[in-house]
Ligand code: FAD
């Protein structure tokens, strides 16, 4: 078998792996990236990007439906719209194609060797690649970077139907070419809510089943209230404190059960199981390295080094939070460490965004986290109903909240819920990473009229100086 040599070998071409490879090449490191499926990983192909494209299409359709029903408060009147799902899916795939093609072009431009095939670890410095249409080959490297990502968790009673059956993961639920008349969604985390809401807006009857007592259980209840209200307004049925047991014998319904053994059937043509993702550590002989693990995730230190010298890991395979921007930031750190720079992955805040309706953003510490950390803090919120931009774009629901230290007003965290608040995530994160105090944000001129003014007003309110509330 032919053996090639390289300095850095990256397994996985998702946002972690491809960013690490490009940054390493920029720093003059001979880099090879092995990808078994498609460049861009889960994020570009079956995650962040297609889900946001689907959500956008659904929002546009819903607005047209409102206009068609004669209920648009803006006075827009139109005929009843129709949705051509095949065209919508083509458009969505086109967005994905442009971005994945762009990643391929960037890798080429930077001189990264891209190998299509599944990698299997031989030892900490050798990887064998099974290539489609070519002989398997080996690569020897000085540094091995594991960026193999994550996979959807299956429920024991509801395994994913590979052959077009009713039980699907988010991957298939992004690609329906026929509208599921009745869609049951198991799991009310952000993926379940994002996709459930989108398919409801496109016309499906949607029922959400959640085992805990509320939707978005990982987020503060106050932030989730507008989301729950919107689910109800859209006509989505939500059953909390129920767990999914399995399909009915005839496969046309989902059996659900409460903690009190109360059981019933949710009629469903499709069942989306969205109960979380787990690090992808199986199938490529990772176990042979006997790395220290954190549960199912590969354990890494602040420089993303594993327990074996010369073997690094980033992104979803290293565990929570499973977010694309975290994977990318870790990828940069690893490339720069290998280039000899003294770098660590030690962010003060990693923004988390739910592209629900309305959107939710959490950056840094919540009030509860600050209390648990023993920090005496102040907090204040500014409601969008008092923000001119929000009202003028029909987005008066929700608020921005700031949490800061009481002694020196150093900003610790931001939380927001409202239409379009995902775009505030950058400003929230900047303020924390740059060590801003309430006075800094309060004194900075925020363009009028923008949603960002709510951020300034929340800071001013925490100082007792809010103008518009
Ligand atoms: P991945 O993107 O999973 O990439 C890993 C790559 O490694 C894959 O391409 C895989 O084929 C390849 N690979 C694995 N094993 C091998 C092998 N042995 N040989 C060769 N190649 C291999 N995150 C956000 O930040 N924002 C969002 O809005 C968001 N929305 C999401 C929506 C959905 C529906 C889903 C499923 C996920 C979403 N995520 C979101 C999560 C995000 O997609 C992941 O956090 C991110 O993709 C992780 O990047 P990664 O590089 O670690 O792994």
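The values are calculated or read from the model by the stated rules, or taken from the named source; none is laboratory data. Model, not experiment: these values are computed from the prediction. Glycine also receives a Cβ, built like all others from the backbone with ideal geometry; neighbour counts cover every protein chain displayed.
Results, tabulated for the structure shown:
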item: Scope the stretch 413-431; condition under 22 Å from residue 221 (Cα atoms), surrounded by fewer than 24 Cβ atoms within 10 Å (Cβ to Cβ) and free of Cβ contacts under 8 Å to residues at least 60 places away in the same chain; matching residues; result: 423
item: Pick from the stretch 269-285, criterion under 17 Å from residue 10 (Cβ atoms) and touching a helix residue (DSSP H, G or I) at 6+ places or on another chain (Cβ under 9 Å), ranking: surrounded by the fewest Cβ atoms within 10 Å (Cβ to Cβ); result: 281
item: Search result, residues across the stretch 432-442 that are out of contact with any helix residue (DSSP H, G or I) (no Cβ under 6 Å at 6 or more places or on another chain) and surrounded by 18 or more Cβ atoms within 10 Å (Cβ to Cβ); result: 432, 436
item: Spans of strands (runs of 3 or more DSSP E) in the stretch 318-413 with at least 1 residues more than 16 Å from the ligand (Cβ to nearest atom) and under 22 Å from residue 441 (Cβ atoms); result: 359-364, 377-383, 399-405
item: Search result, residues across the stretch 77-92 that are surrounded by 11 or more Cβ atoms within 10 Å (Cβ to Cβ) and without any contact (Cβ under 8 Å) to a residue 12 or more places away in the chain; result: 77, 90
item: Number of the exception - residue 82 against (1) under 30 Å from residue 267 (Cα atoms); (2) over 27 Å from the mean Cα position of the chain (by Cα); (3) within 14 Å of the ligand (Cβ to nearest atom); result: (3)
item: Of all residues in the stretch 23-40 being in contact with a helix residue (DSSP H, G or I) (Cβ under 6 Å, 6 or more places away or on another chain) and part of a helix (DSSP H, G or I), the one that is surrounded by the most Cβ atoms within 10 Å (Cβ to Cβ); result: 24
item: Single condition residue 9 does not satisfy, out of (1) modelled with pLDDT under 95; (2) surrounded by 15 or more Cβ atoms within 10 Å (Cβ to Cβ); (3) touching a strand residue (DSSP E or B) at 6+ places or on another chain (Cβ under 7 Å); result: (1)
item: Test for residue 72: is it modelled with pLDDT under 95 and either away from the ligand (no atom under 16 Å from the Cβ) or surrounded by fewer than 21 Cβ atoms within 10 Å (Cβ to Cβ) (or both); result: yes
item: Yes/no for residue 344 being closer than 30 Å to residue 165 by Cα, free of Cβ contacts under 8 Å to residues at least 60 places away in the same chain and outside the structural domain of residue 144 (by TED's automatic domain parsing); result: no
item: Condition met for residue 40 (closer than 18 Å to residue 108 by Cβ and within 15 Å of the ligand (Cβ to nearest atom)); result: yes
item: Residue match in the stretch 96-112 (condition: over 24 Å from the mean Cα position of the chain (by Cα) and either modelled with pLDDT under 95 or closer than 12 Å to residue 10 by Cα (or both)); result: yes
